[in-house]
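All remarks here apply to the structure that follows.
The values are calculated or read from the model by the stated rules, or taken from the named source; none is laboratory data. Predicted, not measured: the structure shown is a model, and the values here were computed from it. Every residue, glycine among them, receives a Cβ derived from its backbone with ideal geometry; neighbour counts consider all protein chains shown. Ligands, DNA and RNA are excluded from the accessible area calculation, which covers all protein heavy atoms including side chains. Shrake-Rupley method; radii C 1.70, N 1.55, O 1.52, S 1.80 Å.
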Amino acid sequence: MHEAAAASPTAGRTEEAHRASSGGPGSGHRAGRRRGDDPRGRRRGGLLGKNPLGLLFSAPYLVFVLAVFAYPLVYAVYIAFHDYFFTAPGAVVARPFVGLDNFVTAFTDPAVIRSFGNVGIFLVINVPLTVVLSMVLATALDRVVHFRGFLRVAFYVPYLTASVAVVAVWLFLFNGDGLVNQVLGPLAPTPSWLINSAWAMPSIALFVTWKQLGFYILLYLAALQNVPKELYEAASSDGAGAVRSFFTVTVPGVRPATVLVLLVSTVTGANLFTEPYLLTGGGGPNGASTSPVLLMYQKGIEQGNPDQAAAIGVVLVILVLVIALLQNRFAGGKDER
């Protein structure tokens with residue numbers, strides 16, 4: 001009697017283990033769910049992903065990107081490799097493939113080479129100034145106690161103001177008898193800033209930096225909210241002053257924002273068009289302020305050579321992508337693991 005009673009719990013556990021291992025009722029289903037083998041889960045994570053609603057909400061923007069950016073870019077590449085010209089609507093004409101002829105024709109023109117040099121000068125001045133000034137001013141605004149809202153709006157107003165209105169003020173300040181030359185006196189350049197081949201592009205770079213600074217200040221202000229205040233307290237307890245705290249806490253803390261500012265200011269600067277068109281009368285003096293995008297407009301629209309203009313645009317896109325990749329690589333765009 002006692003031996004049978006002692007053996008029964010063991011036999012029961014053995015029989016239960018045997019049912020579980022042999023796929024007894026309910027055991028296989030539970031094991032499958034533990035292993036993530038639910039077929040319904042596979043269907044949800046298939047074609048539409050795990051969150052179809054998110055794809056639905058992002059679809060309008062995806063369509064916008066494809067229609068406004070992707071399709072024109074692909075079509076520009078097609079134009080760059082064909083003998084393309086504008087025709088009347090509905091006209092059917094032959095546009096033969098010409099290979100790299102449009103690129104050779106465009107880049108044997110000294111004006112095209114000079115336009116890329118001009119935008120290089122612009123980026124060398126504009127991008128570092130934008131990063132440094134926006135970071136320093138954002139740090140100062142973040143610590144201001146009085147008139148904080150007024151100062152932030154004051155920096156942001158030029159960015160929102162129409163370029164035509166701001167250009168009129170800039171022309172008034174920097175013309176031959178403008179306020180800037182009156183203040184500088186004999187130190188003012190001759191001829192004046194915007195009609196001087198050496199100073200035209202630097203002047204445009206300073207103008208664009210001033211006008212767009214408010215936008216980048218807002219980016220840094222948002223990034224500064226994520227820098228823990230305890231880091232500043234720890235730096236202060238270690239004897240670090242304001243300058244040292246800026247370089248050891250603020251600069252590393254806003255690194256993702258710095259990478260974003262670098263990328264956005266580079267892409268924006270490479271697409272420079274409005275400012276030289278308005279400030280220097282279309283790239284003057286003698287092409288000293290002509291940008292590649294402005295030259296694309298002149299060649300494609302005014303001169304009727306859209307194939308050469310597309311070739312310039314394709315090369316510009318490639319160069320901007322290379323610069324952006326280098327910035328992302330060396331500025332620390334990827335978080336360290």
Checklist entry - Which residue pairs have Cβ atoms under 9 Å apart, sit 6 or more places apart or on different chains, and have a first residue in region 170-183 that is in a loop (DSSP other than H, G, I, E, B) and a second that is hydroxyl-bearing (Ser, Thr, Tyr) and surrounded by fewer than 15 Cβ atoms within 10 Å (Cβ to Cβ)? => result Gly176/Thr190
Checklist entry - Among the residues of region 289-312, which ones are of a type in the set (Gly, Ala, Ser) and under 15 Å from Asp109 (Cα atoms)? => result Ser291, Gly300, Ala309, Ala310, Ala311
Checklist entry - Within region 133-155, can you find the residues that are of a type in the set (Gly, Ala, Ser) and either in a loop (DSSP other than H, G, I, E, B) or touching a residue at least 40 places away in the same chain (Cβ under 8 Å) (or both)? => result Ser134, Ala138
Next on the checklist: Scan region 130-150 and tell me whether some residue there is surrounded by 15 or more Cβ atoms within 10 Å (Cβ to Cβ), of a type in the set (A, V, I, L, M, F, W, C), under 30 Å from Asn305 (Cβ atoms) and touching a helix residue (DSSP H, G or I) at 6+ places or on another chain (Cβ under 7 Å).
Outcome noted: no
Next on the checklist: If a residue must be farther than 22 Å from Ser163 by Cβ and open to solvent by 70 Å² or more (accessible area, probe 1.4 Å), how many such residues does region 256-286 contain?
Outcome noted: 3
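Listed here are the residues, each with its yes/no results for (1) among the aromatic types (Phe, Trp, Tyr); (2) part of a helix (DSSP H, G or I); (3) over 18 Å from the mean Cα position of the chain (by Cα).
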site	(1), (2), (3)
Leu278	no, yes, yes
Gly284	no, no, yes
Ser289	no, no, yes
Ile318	no, yes, no
Checklist outcome for this item: Given (1) without any contact (Cβ under 8 Å) to a residue 40 or more places away in the chain; (2) open to solvent by less than 40 Å² (accessible area, probe 1.4 Å), Ala222 misses just (2)
Checklist outcome for this item: Note on Ser197: of the conditions (1) open to solvent by 50 Å² or more (accessible area, probe 1.4 Å); (2) over 16 Å from Tyr277 (Cα atoms), unmet is (2)
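To keep it simple, each residue is scored yes or no on (1) over 31 Å from the mean Cα position of the chain (by Cα); (2) assigned to a loop (DSSP other than H, G, I, E, B).
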position: Gly185; (1), (2): yes, no
position: Pro191; (1), (2): yes, yes
position: Ala205; (1), (2): no, no
position: Leu218; (1), (2): no, no
position: Leu221; (1), (2): no, no
position: Asn226; (1), (2): no, yes
position: Ala235; (1), (2): yes, no
position: Val243; (1), (2): no, no
position: Phe247; (1), (2): no, no
